[in-house]
Each structure stands twice: as C-alpha cells, then as structure tokens.
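The values are calculated or read from the model by the stated rules, or taken from the named source; none is laboratory data. No experiment lies behind these values; they were computed from the predicted model shown. Backbone-built Cβ (ideal geometry, glycine too); neighbour counts: all protein chains shown.
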Amino acid sequence: GESVGLHLPTLSVQEGDNSIINCAYSNSASDYFIWYKQESGKGPQFIIDIRSNMDKRQGQRVTVLLNKTVKHLSLQIAATQPGDSAVYFCAENMGGSARQLTFGSGTQLTVLP
Amino acid sequence: DTGVSQDPRHKITKRGQNVTFRCDPISEHNRLYWYRQTLGQGPEFLTYFQNEAQLEKSRLLSDRFSAERPKGSFSTLEIQRTEQGDSAMYLCASSLTVGGQNIQYFGAGTRLSVL
C-alpha cells in the first residue's frame, strides 16, 4: 500500500547548525501533512503542519517545505539546539473523509556539542 | 495539565490475560484516536471516534481489540487474550478541526509488555 517514507534514519548535526530532515510520500491524494517530534518515553509532539495548497510554512525556528511534483516534504530546523535531539516523524492525512494520520518510520536527530 | 492523559503508563501482563487502557482527551476535542507504536517505527492507526461514534477501524484492530467512548469524553481500549505480539506502545490522540486543520495531540502512551 501507499505509505510515507523517510530518506535517512539518522542525522547528526553540530549545535548551532541548521538541520534538514526529508520525507517522501507516495499518496497523491494526501492533502495535509504534519511533522512531529518524539523524545524518548514521550508521545509525539506537534511541530508544524502544512496543507497541500501551500509550498512553504514557517514557524519558530522551523520551516516545512512541500514539493508536490516530486511528493517530497522537508523540515528545516534553524540553529539546532541540544533540546532538538529526538526522533522526527512526518505524517500524512490521505484526504477525503479519512481522519487518521499515516506516519513514516522516523529520523533520529542527534545534536553534537 | 490540560493535555491528553493516558493511564496506566506501563502495563505488564501474562499472555492470555485481558488488559484495558484509558485515555482522557483534551476537554473540548471531539475527535479521539488510538495508535500503536512498536520500537523504531512510527505510530500506526487503530481506530477513531468522533464524539461517541466509532467511525473508522484499521485492519490492525483484530477481534480481540475493542474500543469505546461512551459519553464522548474519555475512551477505553481493551485487548482480550493478549499475545506477545501485542507488546507495543499504545498512543491516544485527540483533535478539534478548526479551519481545515486537524492537529492531533498525543498523550504519553501506555507501554504494554506481554510475557
């Protein structure tokens, strides 16, 4: 079946650098995407979302980019901090009456001192 | 704390026993979801309620699993005759659709270990 996937399982960055986490999706009917952060022992925490009628959305230190042509989603974190170390998931809502989210397997971000 | 609350946080049980988990959503949220997460994987959808109505169920939700949301507030997820393969983190989320957004807020989960 169609699913969300991630390019890299792990990512290490130096503190203060920018991080880019990528995600590929295959369901062209998906109309809503969310990035979540999950720290060890905790539930996923909402970071930022984007609807399919947008290409870019910015939050505090985070930017999500959506390229519908190649079905690609990315999360950019500016000035990465130690507290950003976590697993990051992208999730898609497949549109229509469906309300559940389909998650990828996640990228482990490690911030190096 | 006004977030999604789940109880218990951890549950250890023997194979064949029944277990029940509880989820208290954010108070004004009308939608409630259950997901299952295994180590190293993203959450997988199990079922979804709008108010007290169970509107969708995943094929993952076998006959041994049942969920209720009797008054449209808290929800329970019961697993009967547990199997070792049921060991996972069970996550609850709630949402309130506003302006086309459907942000699901998650609880900390209940970690189930079946021995």
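Results, tabulated for the structure shown:
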item	result
Checklist (1) surrounded by 14 or more Cβ atoms within 10 Å (Cβ to Cβ); (2) more than 8 Å from chain A (Cβ to nearest Cβ) applied to B:L60, failing item	(1)
Qualifying residues in region B:76-115 (those that are outside any strand (DSSP E or B) and of a type in the set (S, T, Y)) - the one farthest from the other protein chains (Cβ to nearest Cβ)	B:T82
B:E56, sole failed condition from (1) assigned to a loop (DSSP other than H, G, I, E, B); (2) without any contact (Cβ under 8 Å) to a residue 12 or more places away in the chain	(1)
So B:I79, is it in contact with a helix residue (DSSP H, G or I) (Cβ under 7 Å, 6 or more places away or on another chain), farther than 21 Å from A:C90 by Cβ and in contact (Cβ under 8 Å) with a residue 24 or more places away in the chain	yes
Per-region count, region B:1-26, residues more than 14 Å from every other protein chain (Cβ to nearest Cβ), out of contact with any strand residue (DSSP E or B) (no Cβ under 7 Å at 6 or more places or on another chain) and either within 14 Å of B:A108 (Cβ to Cβ) or without any contact (Cβ under 8 Å) to a residue 40 or more places away in the chain (or both)	1
Filter pass, B:G72 being surrounded by fewer than 13 Cβ atoms within 10 Å (Cβ to Cβ), more than 10 Å from chain A (Cβ to nearest Cβ) and more than 30 Å from A:N53 (Cβ to Cβ)	no
Enumeration of residues in region B:8-37 that are in contact with a Lys or Arg (Cβ under 9 Å, 6 or more places away or on another chain) and part of a loop (DSSP other than H, G, I, E, B)	B:P8, B:R9, B:R15, B:G16, B:Q17, B:N18, B:P25
Region B:38-64: number of residues that are touching a Lys or Arg at 6+ places or on another chain (Cβ under 6 Å) and closer than 25 Å to B:V98 by Cα	7
Hey, A:L75 modelled with pLDDT of 95 or more, in contact with a Phe, Trp or Tyr (Cβ under 7 Å, 6 or more places away or on another chain) and within 18 Å of A:D17 (Cα to Cα) or not	yes
2 or more residues closer than 25 Å to B:Y33 by Cβ and hydrophobic (A, V, I, L, M, F, W, C): qualifying strands (runs of 3 or more DSSP E) within region A:35-83	A:45-51, A:62-67, A:72-77
Odd one out for B:A67 among (1) small (G, A, S); (2) crowded, with 16+ Cβ neighbours inside 10 Å; (3) within 12 Å of chain A (Cβ to nearest Cβ)	(3)
